[in-house]
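The values are calculated or read from the model by the stated rules, or taken from the named source; none is laboratory data. Nothing here was measured: the structure is a model prediction, and the numbers come from that model. So basically every Cβ, Gly included, is an ideal-geometry build from the backbone, and we count neighbours across all protein chains shown. Just the protein is used for accessible areas: all its heavy atoms, side chains included, with ligands, DNA and RNA removed. Shrake-Rupley method; radii C 1.70, N 1.55, O 1.52, S 1.80 Å.
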Amino acid sequence: MAADTSPTVEAIELRILRLALVRPFATAHGTTAARDVLVVHVVGDGVEGWGECAADTVATYWRETVASAWADLVASAGRAPEQPMARAALEMALLDQRLRAAGTSMRDHVGGTRTSIDVTVTAGFEDDVDELLAPGYRSLKLKVAPTSRPPEPRHGVAIQVDANASLDPHVDRVLLSELDRVGLVLIEQPFAAHELAEHAALGRVLRTPICLDESIGSDADALAAFEAAACRVVCVKPSRLGGFGEAMRVHDRCVAAGVEAKVGGMLETGIGRAAALALAALPGFTLPADLSASERYWRDEVITEPFTLDGHGRLAVPSGPGLGVEVRRDVIDAATIERTTIPLERPGTSSRAQRSPGT
Ligand code: MG
């Protein structure tokens, strides 16, 4: 895209929103009842853009936190932050602004071909699975830990499990062989992120495909995983990969290698969810995305039209300019617990450094 179509960036505002979850979310790393979400808001030439950072308050799943991403964004003064989640958040806001100005949707920008996405609802340890499935989900992901029992099959529902790296290759063999007998779509990240050889060895004895998530922090990680034959599926999280450009490279690598892929979720608000759905519209994402309807997570969604499930277990990909969603300023203002405006080193030029490699 030509540089002269980009709006200038006059201000970058950061906010931390404290948003109540509909129900506490429990994983192998602990339980969350409310979530602090860092959002990035850019304004320039009368066009605004919004981005969301996937980092959590504490570093459990990933090293970045809301506080570290905030510091990284402030220190980088409009240039690309060092850490991937901070970088992805700024990229999202700048892309939203630029694409809004150009009248182009995020889906078209990335080359997405689908208008709706099959999605997976994820159950934490304490969730009532029947209640979660009630809106009509056809794909379910269950969090598992070393003490878990294999799930019962459910008619019409494809089941995945995600151990979030909590299993031990030597200790948890019995559980893994039990999980292999119940017809799962995949077993996600059984072992630690660096244990590629252990994942490869497991993949040789299980029928169920192994999916890697925490192991894939870059396109180079995907290459290493494929060379080690460590997985048959990759969970692509644009936030952890530093944005859409790297996410699209991993997508393309999966297609070239014949590895299945899905877009992962990170307890996003409607802002991050819109971006993830646009990415999931790419043809190489052959499995349902780990993205559910807004009501699964949030009491008050930050966008005017919450994402709702259609009659086929899918979410629509927004088709409007930019992310294709409108934020609710009343909800955002009420939820804001901290805000700052980043002084730009050279106002009007900072968006140039952030241009997505996908263009
Ligand atoms: Mg996962």
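Every residue, every condition in (1) out of contact with any Lys or Arg (no Cβ under 6 Å at 6 or more places or on another chain); (2) of a type in the set (D, E), yes or no:
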site: A278; (1), (2): no, no
site: G284; (1), (2): yes, no
site: D290; (1), (2): yes, yes
site: T308; (1), (2): yes, no
site: V317; (1), (2): no, no
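Conditions (1) in a helix (DSSP H, G or I); (2) out of contact with any helix residue (DSSP H, G or I) (no Cβ under 6 Å at 6 or more places or on another chain); (3) closer than 19 Å to R100 by Cβ, marked per residue:
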{"residue": "H251", "(1), (2), (3)": "yes, yes, no"}
{"residue": "C254", "(1), (2), (3)": "yes, yes, no"}
{"residue": "G272", "(1), (2), (3)": "yes, yes, yes"}
{"residue": "A278", "(1), (2), (3)": "yes, no, yes"}
{"residue": "L287", "(1), (2), (3)": "no, yes, no"}
{"residue": "G311", "(1), (2), (3)": "no, yes, no"}
{"residue": "S319", "(1), (2), (3)": "no, yes, yes"}
{"residue": "D330", "(1), (2), (3)": "yes, yes, no"}
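Applying the criterion of being assigned to a loop (DSSP other than H, G, I, E, B) and out of contact with any Lys or Arg (no Cβ under 9 Å at 6 or more places or on another chain) to the residues of the stretch 294-306, the residue that is least open to solvent (accessible area, probe 1.4 Å) is P306.
Reported count of residues in the stretch 25-45, each being among the β-branched types (V, I, T) and under 18 Å from the mean Cα position of the chain (by Cα), is 5. Applying the criterion of being open to solvent by 10 Å² or more (accessible area, probe 1.4 Å), within 21 Å of R328 (Cα to Cα) and within 13 Å of the ligand (Cβ to nearest atom) to the residues of the stretch 260-293, the residue that is modelled with the highest pLDDT is L267. Scanning the stretch 154-178 for residues that are in a loop (DSSP other than H, G, I, E, B), closer than 16 Å to G203 by Cβ and either touching a Pro at 6+ places or on another chain (Cβ under 6 Å) or within 14 Å of the ligand (Cβ to nearest atom) (or both) gives A163, A165, L167, D172. Could you tell me whether any residue of the stretch 95-115 is at pLDDT below 95 and open to solvent by 50 Å² or more (accessible area, probe 1.4 Å)? The answer is no, given that none of the residues of the stretch 95-115 is at pLDDT below 95 and open to solvent by 50 Å² or more (accessible area, probe 1.4 Å). Cβ-Cβ distances below 8 Å connect the following pairs, each with a first residue in the stretch 181-208 that is within 16 Å of the ligand (Cβ to nearest atom) and open to solvent by 40 Å² or more (accessible area, probe 1.4 Å), a second residue that is part of a strand (DSSP E or B) and not small (G, A, S), and a separation of six or more residues or different chains: V185/I159; V185/Q160. Can you name the residue in the stretch 18-68 that is in contact with a His (Cβ under 8 Å, 6 or more places away or on another chain) and closer than 25 Å to V144 by Cβ and is also most open to solvent (accessible area, probe 1.4 Å) among such residues? Ranking the qualifying residues of the stretch 18-68, first place goes to T60.
Filtered by the rule that a residue be assigned to a loop (DSSP other than H, G, I, E, B), under 13 Å from A225 (Cβ atoms) and of a type outside the set (G, A, S), the stretch 179-208 gives Q189, F191, H194, E195. Residue count for the stretch 318-334 satisfying the condition of being open to solvent by less than 20 Å² (accessible area, probe 1.4 Å) and aliphatic (A, V, I, L, M): 4. Quick check, is C235 in contact with a strand residue (DSSP E or B) (Cβ under 8 Å, 6 or more places away or on another chain), open to solvent by 10 Å² or more (accessible area, probe 1.4 Å) and not in a helix (DSSP H, G or I)? No: the conditions fail for C235. When the residues of the stretch 116-129 are filtered to those that are open to solvent by 60 Å² or more (accessible area, probe 1.4 Å) and outside any strand (DSSP E or B), which remaining residue is nearest to G311 (Cα to Cα)? So, considering only residues that are open to solvent by 60 Å² or more (accessible area, probe 1.4 Å) and outside any strand (DSSP E or B), the one nearest to G311 (Cα to Cα) is D128. The residue pairs whose first member lies in the stretch 130-148 and is more than 24 Å from R314 (Cα to Cα) and assigned to a loop (DSSP other than H, G, I, E, B), whose second member is open to solvent by 60 Å² or more (accessible area, probe 1.4 Å) and within 16 Å of the ligand (Cβ to nearest atom), and whose beta carbons are closer than 8 Å, counting only pairs six or more residues apart or on different chains, are A145/F125. Does A247 count as part of a helix (DSSP H, G or I), surrounded by 24 or more Cβ atoms within 10 Å (Cβ to Cβ) and of a type in the set (G, A, S)? Here the answer is yes, as A247 does meet what is asked.
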